[in-house]
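As structure tokens, the structure follows; a few thoughts come after it.
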Amino acid sequence: MERTFLMIKPDGVQRNLIGEVIKRLENKGFTLVGLKLMSVSQELAEKHYDVHKERPFFGSLVDFIISSPVVAMVWEGEGVVASARKIIGATDPLSAEPGTIRGDYGVSIGRNLIHGSDAIETAQREISLWFKEEELCHWQTTI
Ligand code: CMP
């Protein structure tokens with residue numbers, strides 16, 4: 001089954017949006033298979049955002065991610081990578097559609113509340129970076 005990695009960033013945690021984010025993914029019908037509140041090391045933040053290491057905002061992005069706790073999650077379901085990206089909305093919250101998480105709650109590209117994997121291969125890389133296999137639950141609804 002397809003999986004994606006989502007991270008509620010420090011701004012999302014500090015603005016009490018953990019429940020709101022989880023509710024939106026649950027309501028859609030996806031299954032939460034991994035969840036942890038954690039402080040992020042500089043090494044993990046730099047590895048996670050490695051693709052952006054030449055960009056001018058890389059240093060401030062890493063500093064922000066390690067500044068206070070984040071919520072790391074793995075969600076499972078048919079088409080979850082693309083669907084979660086739609087639920088999250090465009091990278092710049094000012095361009096994100098109303099009804100999306102960033103469109104409803106954000107105003108700044110540097111404080112866009114949540115990260116979501118952009119492709120299936122990226123999701124696999126990010127899940128293995130953030131979670132050990134034994135931290136993930138294999139389960140299905142039975143009710
Ligand atoms: P995210 O989905 O986590 O992936 C990369 C992040 O870089 C992105 O969300 C933004 O938070 C951040 N980002 C992208 N472009 C800029 C920018 N121009 N200035 C600051 N941060 C940016």
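Please compute the modelled spin-label separation between K23 and S60, points set 7 Å along Cα→Cβ, answer in nm with one decimal.
3.2
So, R0 is 35 Å and r is the distance between the beta-carbons of E43 and E2; what FRET efficiency does that work out to, to 0.05?
0.80
Taking only protein heavy atoms into account and a 1.4 Å probe, give the accessible area per residue of segment 1-140 in Å².
Dividing the accessible area of segment 1-140 by its residue count gives 53 Å².
Which GluC sites (Glu not before Pro) from segment 42-143 combine a DSSP loop assignment with at most 14 other Cβ atoms within 10 Å?
E54, E78
Summing -39500 (n - 2.57) over the DSSP H runs of n ≥ 4 in the chain and dividing by its residue number, what mean residue ellipticity at 222 nm do you reach, to the nearest 500 deg cm²/dmol?
So the helix-based figure for the chain works out to -10500 deg cm²/dmol.
Can you give me the distance in nm between label points at C137 and A82, each placed 7 Å from the Cα along the Cα-to-Cβ direction?
2.9
Probe radius 1.4 Å, ligands and nucleic acids left out: which of I88, I66, I143 has the largest accessible area, and how do the rest follow?
Heavy-atom accessible area, descending, gives I143, I66, I88.
Given Cα pairs under 8 Å that are at least 6 residues apart, what percent is the relative contact order of the chain?
Relative contact order comes out at 36 percent.
Per-residue counts of other Cβ atoms within 10 Å, averaged by peptide: what ranking do you get for 15-22, 4-11, 98-105, highest first?
The most tightly packed comes first, giving 4-11, 98-105, 15-22.
Let me know the Kirkwood hydrodynamic radius for segment 77-117, please, with Cα pairs as the basis and the value in Å to one decimal.
9.9
For segment 55-143, just the Cα atoms, rotate onto the principal axes and tell me the three extents in Å, largest first.
42, 29, 23
The values are calculated or read from the model by the stated rules, or taken from the named source; none is laboratory data. Because the structure is a prediction, the values reported are computed rather than measured. Using ideal geometry, Cβ is built from the backbone for each residue, glycine included, and neighbour counts are taken over all protein chains shown. These accessible areas exclude ligands, DNA and RNA; they are computed on the full protein's heavy atoms, side chains included. Shrake-Rupley method; radii C 1.70, N 1.55, O 1.52, S 1.80 Å.
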